[in-house]
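First comes the structure, then the notes that go with it.
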Amino acid sequence: MDLQVVLPNEAPEMAPGRPADLAVKAEELGFHTAWLPDHVLPPEEYGDFYGGVYEPLITLAHLAGRTSRIRIGTSVLVLPLREPFSLAKQVATLDRLSGERLTLGLGVGWDRKEFDNVHSDFTTRGARTDEAIDLMRALFRDERSFEGKYYGFDGGVFEPRPRGNVRLMVGGISDAALRRAGRVADEWQSIEADPEKFAAQVARLRDHTDRPIRVGTRISWDGLESTVTRARALADAGAEFLAVWFGPEADYETRMTSFMASMR
């Protein structure tokens, strides 16, 4: 099972270089991937509930410049809050500059107030997400036109193009999320699942596709012994990767280090 880290990005007072420092430490410890969350204009204060103070793609570019091996990604970027052409350009550029280490983790969002705040239609977020994924992949394949209900283009040159499709991770446990993952994802990520629920969610996912999709979940730190026990149980339940959020950023390195030492 690949062990991954969700970097802390919940506090406006956090030093701007802190996520990159932690990514460097995570790489030294042997973590497979470093993730960042996303919110644009949440209705309440940032914190454990609303992570994502620093914009994730810009921050990941900083991380990429400080690291060389660890994969980087979003867990998860709220795609329907974004304009997909600019997002495709950012994603393709970041993938190229990072040495093709990017995994683009996507979700549809869940807080209607955040959508209202940025004048984005909450009711069409799923359909727009699906179409935006198809649009970005058309751009990545150098297709010269695309026609959808919400987005489209006719002509134009898109560069830099990824050498292959950027690795795509879909997050979420709803039926719609599982169908989306079955259709387009390379990876699927649950959240805070216990082993029994995780196995059931994977079975539902497999009902939607026979494509090979890597499956995993993310959990929150609740002490060393408990977190290690949960991690091993999830591995036994079939998790191929596990992302851990290690709590407040103070002493984050200590908790990452003790976890990795206990998992060896």
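Computed from the coordinates by the stated procedures, all read-outs in this text should not be read as laboratory data. Only a predicted model underlies this, so the values are computations on that prediction, with no experimental measurement involved. FYI the Cβ positions are ideal-geometry reconstructions off the backbone, even for glycines, and counts take in every protein chain you see.
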* To do: Report the Stokes-Einstein translational diffusion coefficient (µm² s⁻¹, integer) for the chain, Rh taken as the Kirkwood radius over Cα pairs, at 4 °C with viscosity 1.567 mPa s.
  => 69 µm²/s
* **Top of LEU97, LEU63, LEU205 by mean-square fluctuation, Gaussian network on the chain, Cα under 10 Å** => LEU97
* Structure fact -> Rounded to the nearest whole number, the Stokes-Einstein translational diffusion coefficient of the stretch 84-166 at 4 °C and 1.567 mPa s (Kirkwood radius, C-alpha pairs) in µm²/s is 94 µm²/s
* GNM result for the chain, Cα springs below 10 Å: residue of GLY126, GLY155, GLY30 fluctuating most strongly -> GLY155
* **the stretch 66-216 - Rg over Rh from alpha carbon coordinates, Kirkwood radius** => 0.97
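If you average the sequence gap of Cα pairs under 8 Å that are 6 or more apart and divide by the length of the chain, what percent do you get for the contact order? Let's see the in-between values first.
Numbers: 468 pairs, mean separation 47.9, N = 264.
With pairs under 8 Å counted, the relative contact order is 18 percent.
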* Asked: Over the stretch 156-264, how many percent of alpha carbon pairs lie in each 5 Å bin up to the one with the longest distance?
  -> 2, 12, 20, 18, 14, 13, 11, 6, 2, 1, 0
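What ranking, highest mean first, results for peptides 206-212, 135-141, 229-235 when packing means the other Cβ atoms within 10 Å averaged over each residue?
My ranking of the peptides, most packed first, is 135-141, 229-235, 206-212.
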* Asked: Mind ordering 109-119, 35-45 by average Cβ neighbours within 10 Å, highest first?
  -> 35-45, 109-119
* Given springs between every Cα pair under 10 Å in a Gaussian network model of the chain, which of LYS197, LYS149, LYS89 has the largest fluctuation? -> LYS149
* **Relative contact order (%) - the stretch 74-168, alpha-carbon pairs under 8 angstrom, separation at least six** => 35 percent
* Cα-based Rg (one decimal) and Dmax (whole number) for the stretch 213-264, in Å? -> 11.0, 35
* Asked: Given +1 on the Cβ of Lys and Arg, -1 on the Cβ of Asp and Glu, and no further charges, what dipole in debye does the chain carry about its Cα centre, rounded to the nearest 20?
  -> 860 debye
* **Cα-based reach from LYS149 at 29 Å (exclusive), listing lysines while leaving out same-chain residues under 8 positions away** => LYS89, LYS113
* For the stretch 145-185 versus the stretch 189-255, the gap between their alpha-carbon centres in whole angstrom -> 25 Å
* Taking a temperature of 4 °C and a viscosity of 1.567 mPa s, what whole-number D in µm²/s does Stokes-Einstein yield for the stretch 4-108 with Rh from Kirkwood over alpha carbon pairs? -> 94 µm²/s
